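Here, each number is a calculation from the coordinates, and none is a lab measurement. What you are looking at is a predicted structure, and each value in this text was computed from that prediction instead of being measured. Cβ atoms come from the backbone with ideal geometry, glycine included; neighbour counts cover every protein chain shown.
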Amino acid sequence: MPRAATSATTLLLYPLAGLSLLLSGAIFGFFYAWVCSTMWGLDAADPRIAIPAMQAMNASVRNIVFAPAFFGTPFVLLLTAAVAHAAGRSRPALLLAAAGLLYLVGGMILTIGVNVPMNQALAQLATPESHAAAAEIWAGYSPRWQVFNVIRTLVSGLVLLLSGWAILLLGRNAPLTPA
């Protein structure tokens with residue numbers, strides 16, 4: 001690769017690597033918060049409160065602030081992997097590509113294939129006035145939803161770890177200034 005192209009690739013690589021880490025951390029933190037606070041709080045609440053609260057949260061998450069982390073993470077990781085590969089940084093490229101593919105399957109596709117349909121089904125339900133009926137709905141929803149949320153949390157945590165590891169490798173023997 002010509003020196004000018006390598007220099008441009010290197011200039012692009014580090015900001016993309018930082019963005020990859022930021023998006024990976026954002027999506028991991030989002031899923032993690034649901035694991036260790038949101039769902040436990042909803043499970044502790046009266047199900048007649050938990051159901052409409054979950055419906056409201058699921059409706060509110062579809063926004064411009066959340067979209068880059070949820071939808072952009074795998075593609076930024078894969079782009080960063082391609083740029084790292086072009087810069088001759090094969091080990092970080094492999095880690096970033098693995099992270100991108102892992103999140104694509106275990107984060108985004110899992111969410112779209114399992115959690116979103118569950119959320120849409122819950123959104124169609126009116127909250128029963130009866131505590132017992134609401135508790136039955138919530139018991140049919142929350143445990144299963146949480147299993148898949150834990151999976152995507154673990155996956156996105158691994159994605160964050162792989163991203164950080166790639167950046168660590170990029171920092172080793174990296175020139176202080178572009179060539």
- Message: Just to check, using Stokes-Einstein with a Kirkwood Rh over alpha carbon pairs, what's the diffusion coefficient of the range 59-154 at 4 °C and 1.567 mPa s in µm²/s?
- Response: 83
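On average, how much area does the Cα convex hull of the range 1-70 cover when viewed from any direction, in nm²? Present the calculation step by step, with values, prior to reporting the outcome.
Details: hull surface 23.9 nm².
Answer in nm², one decimal: 6.0.
DSSP loop chymotrypsin sites (Phe, Trp or Tyr not before Pro) in the range 54-98 with at most 15 other Cβ atoms within 10 Å of their Cβ, which ones? The partial results should precede the final answer.
On the way: sites: PHE66, PHE70, PHE71, PHE75; in loops: PHE66.
Answer by residue number: PHE66.
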- Item | Label-point gap, in nm, between HIS131 and SER90 - each point 7 angstrom along Cα→Cβ | 6.5
- Cα-projected label distance for CYS36 with PHE148, points at 7 Å along beta-carbon direction, nm: 2.4
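I need the calculated FRET efficiency for the pair ALA53 and TRP165, taking r as the beta carbon distance and R₀ as 41 Å, to the nearest 0.05.
On the way: r = 37 Å, r/R0 = 0.91.
FRET efficiency, ALA53 to TRP165: 0.65.
Please list 102-115, 138-151 highest first by mean number of surrounding beta-carbon atoms within 10 Å per residue. Could you put the intermediate results ahead of the total?
Numbers: 102-115: 17.9, 138-151: 16.1.
Top to bottom by mean Cβ count within 10 Å: 102-115, 138-151.
Per Stokes-Einstein, at 4 °C and 1.567 mPa s, what whole-number D in µm² s⁻¹ belongs to the range 3-171, with the Kirkwood radius over Cα pairs as the hydrodynamic radius? Each step should come with its number before you reach the end.
Working: Rh = 17.2 Å.
It diffuses with D of about 75 µm²/s by this estimate.
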- Specify the angular offset, from 0 to 90 degrees and rounded to the nearest 10, of the alpha carbon long axis of helix 47-60 from the longest principal axis of the alpha carbons in the chain. 30
- Query: At what distance in nm do the modelled label points of ASN63 and ALA82 sit from each other, each positioned 7 Å from its Cα along Cα→Cβ?
  - Reply: 3.2
- Task: Might you report the magnitude of the Cβ-based charge dipole of the chain about its Cα centre, with Lys and Arg at +1 and Asp and Glu at -1, to the nearest 20 debye?
- Result: 780
